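J.: Got a structure for you, questions after.
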Amino acid sequence: MMPIRRQASKLTEALVWYHFVPAGGADGAAWYEEYLGCGGEQMGQRLDVAVAMLRQRRLSEGRALLDECRQRMDALGAQRVSASVRGAVEESYWASQAYAHYHLNEFEAARKALAEGQRLLASVLEDAPFLVMFATRCYDFCLHLARIARNERRWDAMWSHIQEGREMVRGERALCQLSQRGVYIQDAEAFLSTVSAQDVIEVEALQVLLDRERTLHLFERRALGATLIPNVILQY
């Protein structure tokens, strides 16, 4: 019997990295159930709200929500949540925390938060290799680092981070380097190619996720945005 996964009501729900995890077998299905059961998805959604607040310059509200999420994550330790589930939740927290530091021009703190997120992501994949889709978050880290370098006027570093992300999407560079191997975008695509869609939304989601050219095009658009300083014209 195929593991049951929750039906997406819209495309964006089927595009989140963990939606197809149950399709990978018993381990993925058990992980997915634990992730939802401990409130991991809800916490991720709360972190998204916090980031939206920060983007709107509602800094005090955004930071307060981040602090609330931190307290909820600390409580997971008493619930015997697996390391891979807790790590996935914490990775989202550190990425959001990095965004908060970025908006406060605390660039070194933002880099440290991103480094902690990257460390957690690698730790999760070491512990739960079936979560290969988690690795697709890695090229976003490159764009985050590029934005920080842009604000610091470190142009060579900015372009270098963008090129690293570009090579990840192209499959020329590992998304994530583990102790014994690298995880590439081809690994995520190989996983997706084994998934049987259960409805039209998933059919479309798989088409989107397996369209490397589309992914690269979207990355290039976001990379362009990462190089631009609002209301400023620069010659690099």
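J.: Read through the list (1) without any contact (Cβ under 8 Å) to a residue 40 or more places away in the chain; (2) exposed (fewer than 11 other Cβ atoms within 10 Å of the Cβ); (3) closer than 24 Å to GLY25 by Cβ, then give the number of the only condition that SER196 fails.
T.: So SER196 meets the others, but not (1).
J.: Scanning region 73-85 for residues that are modelled with pLDDT of 90 or more and assigned to a helix (DSSP H, G or I), which turns out surrounded by the fewest Cβ atoms within 10 Å (Cβ to Cβ)? Talk me through it step by step, then tell me what you get.
T.: First pass over region 73-85, keeping only residues modelled with pLDDT of 90 or more: 82-85.
Subsequent filtering for residues that are assigned to a helix (DSSP H, G or I) retains 83-85.
Working: ALA83: 13, SER84: 23, VAL85: 24.
Of everything passing the filter in region 73-85, ALA83 is surrounded by the fewest Cβ atoms within 10 Å (Cβ to Cβ).
J.: Have a look at ARG173, ARG119 and point out the one that is part of a helix (DSSP H, G or I), of a type outside the set (S, T, N, Q) and open to solvent by 60 Å² or more (accessible area, probe 1.4 Å).
T.: ARG119
J.: List every residue pair whose Cβ atoms sit under 6 Å apart, with the two residues 6 or more apart in sequence or on different chains, where the first one lies in region 71-87 and is at negative phi and among the polar types (S, T, N, Q) and the second, anywhere, is assigned to a helix (DSSP H, G or I) and surrounded by 12 or more Cβ atoms within 10 Å (Cβ to Cβ).
T.: Once the first residue is at negative phi and among the polar types (S, T, N, Q) and sits in region 71-87, its partners that are assigned to a helix (DSSP H, G or I) and surrounded by 12 or more Cβ atoms within 10 Å (Cβ to Cβ) give SER84/VAL124; SER84/ASP127.
J.: Pull out all pairs, ordered by first then second residue, where Cβ-Cβ is under 9 Å, the residues are six or more apart or on different chains, the first lies in region 127-138 and is in contact (Cβ under 8 Å) with a residue 40 or more places away in the chain and assigned to a loop (DSSP other than H, G, I, E, B), and the second is open to solvent by 30 Å² or more (accessible area, probe 1.4 Å) and of a type in the set (A, V, I, L, M).
T.: ALA128/ALA83
J.: Name the single residue, out of those in region 53-66 being within 15 Å of TRP94 (Cα to Cα) and either basic (Lys, Arg) or under 20 Å from the mean Cα position of the chain (by Cα) (or both), that is surrounded by the fewest Cβ atoms within 10 Å (Cβ to Cβ).
T.: As a first pass, look at region 53-66 and keep what is within 15 Å of TRP94 (Cα to Cα): 54, 62-66.
Narrowing the set further to residues that are either basic (Lys, Arg) or under 20 Å from the mean Cα position of the chain (by Cα) (or both) leaves 54, 62-63, 65-66.
Details: LEU54: 22, GLY62: 23, ARG63: 17, LEU65: 21, LEU66: 21.
Within region 53-66, the match that is surrounded by the fewest Cβ atoms within 10 Å (Cβ to Cβ) is ARG63.
J.: I'm checking my understanding of the structure. Among residues of region 89-116 that are closer than 30 Å to ALA26 by Cα and of a type outside the set (Ser, Thr, Tyr), which one is surrounded by the fewest Cβ atoms within 10 Å (Cβ to Cβ)? Spell out the reasoning first.
T.: Residues of region 89-116 closer than 30 Å to ALA26 by Cα: 89-95, 116.
Next, only the ones that are of a type outside the set (Ser, Thr, Tyr) stay: 89-91, 94-95, 116.
Values: VAL89: 24, GLU90: 23, GLU91: 22, TRP94: 20, ALA95: 22, GLU116: 17.
My answer is GLU116.
J.: Turning to a different aspect of this structure: Tell me, yes or no, whether region 165-178 has at least one residue that is under 19 Å from TYR99 (Cβ atoms) and touching a helix residue (DSSP H, G or I) at 6+ places or on another chain (Cβ under 9 Å).
T.: Keep residues of region 165-178 that are under 19 Å from TYR99 (Cβ atoms), which gives 165.
Now restrict to residues that are touching a helix residue (DSSP H, G or I) at 6+ places or on another chain (Cβ under 9 Å): 165.
Checked region 165-178: at least one residue is under 19 Å from TYR99 (Cβ atoms) and touching a helix residue (DSSP H, G or I) at 6+ places or on another chain (Cβ under 9 Å).
J.: Hey, another quick one. Which residue pairs have Cβ atoms closer than 6 Å, lie 6 or more positions apart in sequence or on different chains, and pair a first residue in region 12-38 that is farther than 15 Å from GLU189 by Cα with a second residue that is of a type in the set (Ser, Thr, Tyr) and open to solvent by less than 60 Å² (accessible area, probe 1.4 Å)?
T.: Note: pairs meeting the criteria are PRO22/TYR32.
J.: Among residues belonging to region 199-236 that are charged (D, E, K, R) and either under 13 Å from ALA14 (Cβ atoms) or modelled with pLDDT under 95 (or both), point out the one that is most open to solvent (accessible area, probe 1.4 Å).
T.: Among those residues, the one meeting the criterion is GLU204.
J.: Look through CYS142, CYS138 and report the one residue that is of a type outside the set (Lys, Arg), crowded, with 18+ Cβ neighbours inside 10 Å, within 24 Å of ARG181 (Cβ to Cβ) and touching a strand residue (DSSP E or B) at 6+ places or on another chain (Cβ under 9 Å).
T.: Step by step, each of CYS142, CYS138 is checked, and only CYS138 is of a type outside the set (Lys, Arg), crowded, with 18+ Cβ neighbours inside 10 Å, within 24 Å of ARG181 (Cβ to Cβ) and touching a strand residue (DSSP E or B) at 6+ places or on another chain (Cβ under 9 Å).
J.: Among the residues of region 78-86, is there at least one that is closer than 28 Å to ALA223 by Cβ and either touching a strand residue (DSSP E or B) at 6+ places or on another chain (Cβ under 8 Å) or hydrophobic (A, V, I, L, M, F, W, C) (or both)?
T.: Within region 78-86, not a single residue is closer than 28 Å to ALA223 by Cβ and either touching a strand residue (DSSP E or B) at 6+ places or on another chain (Cβ under 8 Å) or hydrophobic (A, V, I, L, M, F, W, C) (or both).
The values are calculated or read from the model by the stated rules, or taken from the named source; none is laboratory data. Treat the numbers as computed from the prediction; the structure is a model and nothing was measured. Heads up, the Cβs are rebuilt from the backbone with ideal geometry, glycines too, and the neighbour counts pull from every protein chain shown. Side chains included, ligands, DNA and RNA excluded: accessible areas come from the protein's heavy atoms. Shrake-Rupley method; radii C 1.70, N 1.55, O 1.52, S 1.80 Å.
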